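Visitor: Encoded as structure tokens, here's the structure I'll be asking about.
The values are calculated or read from the model by the stated rules, or taken from the named source; none is laboratory data. All of these numbers come straight from a predicted model, not from anything done at the bench. All Cβ positions, even for glycine, are placed from backbone atoms using ideal geometry, and neighbour counts span all protein chains on display. Each accessible area value is taken on the protein alone, full model and side chains, heavy atoms only, with ligands, DNA and RNA left out. Shrake-Rupley method; radii C 1.70, N 1.55, O 1.52, S 1.80 Å.
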Amino acid sequence: MSSSPLASVLFVCVHNAGRSQMAAGFLHHLAGDRIEVRSAGSVPGDRVNPAAVEAMREIGIDIAAAEPKLLTTEAVQASDYVITMGCGDACPVFPGKTYMDWTLEDPAGKGVEAVRPIRDEIRTRVEALITEIDAEREA
């Protein structure tokens, strides 16, 4: 069996500090090396949202070392799936990529109590994404 990933996924939100970081954390945790994971922001923040870090830590996923990164054309080109979470027109579009827009509440400025339901929704969507990737690769 090949050691190369089944697919590569790029999660994008404006600040790359909350939603996209939680999604990347879930995908890495749930899929391991089977799926390559990237995240970026159209206007990256200076750090990952502490409430997002705490909400993920509560369920055993550590994203504390993650750093917001600038969305680049190269990152989009290198990805099979591009999942946007509020970056809108800032995301370049290339043929042959699968694009999805996940409408999720922005956790910016919210406490951990308000971030938990966002975290849980992201987990549900990431699990469905893994199922979709597995099904497409088996077809």
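Visitor: Could you please find all residues in segment 28-42 being in contact (Cβ under 8 Å) with a residue 40 or more places away in the chain and closer than 23 Å to K110 by Cα?
Guide: G41, S42 - these are the residues of segment 28-42 that are in contact (Cβ under 8 Å) with a residue 40 or more places away in the chain and closer than 23 Å to K110 by Cα.
Visitor: Looking at K97, K110, can you tell me which residue is basic (K, R), over 15 Å from A24 (Cα atoms) and touching a strand residue (DSSP E or B) at 6+ places or on another chain (Cβ under 9 Å)? Before you say what the answer is, go through the steps one by one.
Guide: Numbers: K110 fails: touching a strand residue (DSSP E or B) at 6+ places or on another chain (Cβ under 9 Å).
Going through K97, K110 in turn, just one is basic (K, R), over 15 Å from A24 (Cα atoms) and touching a strand residue (DSSP E or B) at 6+ places or on another chain (Cβ under 9 Å): K97.
Visitor: Against the condition modelled with pLDDT of 90 or more, in a loop (DSSP other than H, G, I, E, B), of a type in the set (A, V, I, L, M) and open to solvent by less than 80 Å² (accessible area, probe 1.4 Å), how does I83 come out, does it pass? Show your work before the answer.
Guide: On the way: modelled with pLDDT of 90 or more: yes; in a loop (DSSP other than H, G, I, E, B): no; of a type in the set (A, V, I, L, M): yes; open to solvent by less than 80 Å² (accessible area, probe 1.4 Å): yes.
Taking the combined requirement at face value, the residue does not satisfy it.
Visitor: Working only within segment 1-45, note down all residues that are of a type in the set (A, V, I, L, M) and within 9 Å of the chain's Cα centre (by Cα). Full working, then the answer.
Guide: Restricting attention to segment 1-45, the residues satisfying the condition of being of a type in the set (A, V, I, L, M) are 1, 6-7, 9-10, 12, 14, 17, 22-24, 27, 30-31, 35, 37, 40, 43.
Of everything in segment 1-45, those that are of a type in the set (A, V, I, L, M) and within 9 Å of the chain's Cα centre (by Cα) turn out to be V9, L10, V12, M22, A23, A24, L27, V37, A40.
Visitor: Being part of a loop (DSSP other than H, G, I, E, B) and either open to solvent by 20 Å² or more (accessible area, probe 1.4 Å) or out of contact with any Phe, Trp or Tyr (no Cβ under 6 Å at 6 or more places or on another chain) (or both), is that true of even one residue in segment 26-43? Give the derivation first.
Guide: Restricting attention to segment 26-43, the residues satisfying the condition of being part of a loop (DSSP other than H, G, I, E, B) are 42-43.
Adding the requirement that they be either open to solvent by 20 Å² or more (accessible area, probe 1.4 Å) or out of contact with any Phe, Trp or Tyr (no Cβ under 6 Å at 6 or more places or on another chain) (or both) leaves 42-43.
Within segment 26-43 (the criterion being part of a loop (DSSP other than H, G, I, E, B) and either open to solvent by 20 Å² or more (accessible area, probe 1.4 Å) or out of contact with any Phe, Trp or Tyr (no Cβ under 6 Å at 6 or more places or on another chain) (or both)), the answer is yes, since at least one residue qualifies.
Visitor: For the list (1) open to solvent by 60 Å² or more (accessible area, probe 1.4 Å); (2) assigned to a helix (DSSP H, G or I); (3) under 18 Å from C13 (Cβ atoms); (4) of a type in the set (D, E, K, R), I need the number of the one condition that R119 fails.
Guide: (1)
Visitor: Moving on to the next point. Given G60, G96, which one is modelled with pLDDT of 95 or more, more than 16 Å from the chain's Cα centre (by Cα) and either open to solvent by less than 50 Å² (accessible area, probe 1.4 Å) or under 26 Å from P5 (Cβ atoms) (or both)? Quick ask: steps written out before the conclusion?
Guide: On the way: G96 fails: modelled with pLDDT of 95 or more.
Answer to the selection: G60.
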